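Below is one structure, written out as structure tokens; the observations come after it.
The values are calculated or read from the model by the stated rules, or taken from the named source; none is laboratory data. For clarity, every value in this text was computed on a predicted model and none was experimentally measured. With ideal geometry, Cβ positions are generated from the backbone for all residues, glycine too; neighbour counts draw on all protein chains shown.
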């Protein structure tokens with residue numbers, strides 16, 4: 001790698017990572033797993049959705065109830081809120097739960113044909129004394145299609161969606177707009193298939209994927225990244241942005257605090273399945289520098305985590321910024337894996353990465 005190219009890559013990597021430093025956690029994930037049970041599936045739900053609060057506790061939703069962990073890592077959950085049954089049809093089949101960047105707000109996708117609920121974290125009650133998240137007074141319920149979502153800031157929520165047989169899209173919901181007439185502008189259009197996950201990096205770039213290709217464009221699991229100026233103006237998925245790579249189905253996406261991208265799902269057409277993918281932050285940096293998509297066959301670009309060990313899991317993910325735990329989600333069982341404290345010097349990491357940059361030599 002030439003000195004100029006190395007500088008370009010280093011600059012892009014630093015921009016992708018923000019202030020958190022190099023992604024040492026990538027090398028440690030999967031060394032051990034802590035399996036724990038979530039709250040049992042509620043009536044009407046096929047699963048459980050959850051995320052971490054700033055204090056490290058997990059908040060989860062299933063059925064029509066919101067649960068809170070008693071302490072970080074305790075895996076002891078109690079109900080603290082009830083969603084408005086008149087808006088959820090009596091229950092949810094949660095597609096996502098997302099906590100705003102400052103931790104003050106929670107968004108819950110109640111499932112197909114149901115609304116997105118948004119409420120203040122402070123509205124949660126005490127264990128076993130749940131608050132009623134009544135529409136209009138305690139919570140807002142937006143009748144917008146959804147699959148996955150990620151907060152862009154503490155007000156705007158990016159949502160993936162799309163009707164069966166139509167191109168999928170990403171919209172940006174203003175959660176302070178009128179729930180009866182929501183501002184929910186399209187920002188990514190023309191995804192040739194199904195909706196998938198969505199995530200933002202520290203620079204506000206939007207990442208999303210084709211969740212199930214319809215044969216007219218990109219492949220299942222094609223992940224693309226769009227700069228803020230592009231997605232804010234409205235971008236076509238198939239013709240704009242940069243290809244990160246084809247990984248699983250991109251059905252869930254999260255960034256850890258080191259800038260590694262967690263990717264879930266599965267593409268059973270080519271049997272790219274049975275693991276949670278972790279894309280190294282500096283491999284993403286190289287994509288952003290214009291050096292091409294990741295090498296999915298290179299374990300230093302893409303790490304595969306399979307806590308079940310059978311190769312047949314269809315995993316999602318969550319992340320705890322306080323504890324550094326990555327959660328491999330598998331129905332009502334979650335597997336937590338945490339990195340050893342970073343001890344590798346930046347220069348050593350950079351040297352290892354530069355030495356193996358075969359495809360860009």
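Just a few scattered comments:
- Unique residue being surrounded by fewer than 22 Cβ atoms within 10 Å (Cβ to Cβ) and within 20 Å of the chain's Cα centre (by Cα) when the list is 148, 180, 132, 153: 153
- Just one residue in the set 282, 258 is closer than 27 Å to residue 54 by Cα, assigned to a helix (DSSP H, G or I) and out of contact with any strand residue (DSSP E or B) (no Cβ under 8 Å at 6 or more places or on another chain); that residue is 282.
Okay, residues lined up against (1) touching a helix residue (DSSP H, G or I) at 6+ places or on another chain (Cβ under 8 Å); (2) at pLDDT 95 or above; (3) within 12 Å of residue 170 (Cβ to Cβ):
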{"site": "218", "(1), (2), (3)": "no, yes, no"}
{"site": "222", "(1), (2), (3)": "no, yes, no"}
{"site": "228", "(1), (2), (3)": "no, yes, no"}
{"site": "234", "(1), (2), (3)": "no, yes, yes"}
{"site": "238", "(1), (2), (3)": "no, yes, no"}
{"site": "241", "(1), (2), (3)": "yes, yes, yes"}
{"site": "247", "(1), (2), (3)": "no, yes, no"}
{"site": "254", "(1), (2), (3)": "no, yes, no"}
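- So residue 187, is it in contact with a helix residue (DSSP H, G or I) (Cβ under 7 Å, 6 or more places away or on another chain) and either at pLDDT 95 or above or outside any strand (DSSP E or B) (or both): yes
- Filter pass, residue 48 being closer than 16 Å to residue 134 by Cβ, buried (at least 21 other Cβ atoms within 10 Å of the Cβ), in contact (Cβ under 8 Å) with a residue 40 or more places away in the chain and within 20 Å of the chain's Cα centre (by Cα): no
- Residue match in region 332-341 (condition: in contact with a strand residue (DSSP E or B) (Cβ under 8 Å, 6 or more places away or on another chain), in a strand (DSSP E or B) and surrounded by fewer than 18 Cβ atoms within 10 Å (Cβ to Cβ)): yes
- Per this entry, residue 147 is counted among residues that are assigned to a loop (DSSP other than H, G, I, E, B), touching a strand residue (DSSP E or B) at 6+ places or on another chain (Cβ under 9 Å) and modelled with pLDDT of 95 or more.
- Filter result for residue 74 (in contact with a helix residue (DSSP H, G or I) (Cβ under 9 Å, 6 or more places away or on another chain) and outside any strand (DSSP E or B)): no
- Look at (1) surrounded by fewer than 20 Cβ atoms within 10 Å (Cβ to Cβ); (2) modelled with pLDDT under 95 and you find that residue 121 fails only one, number (2).
- Sole residue being at pLDDT 95 or above, part of a loop (DSSP other than H, G, I, E, B) and touching a strand residue (DSSP E or B) at 6+ places or on another chain (Cβ under 8 Å), chosen from 44, 50, 56: 56
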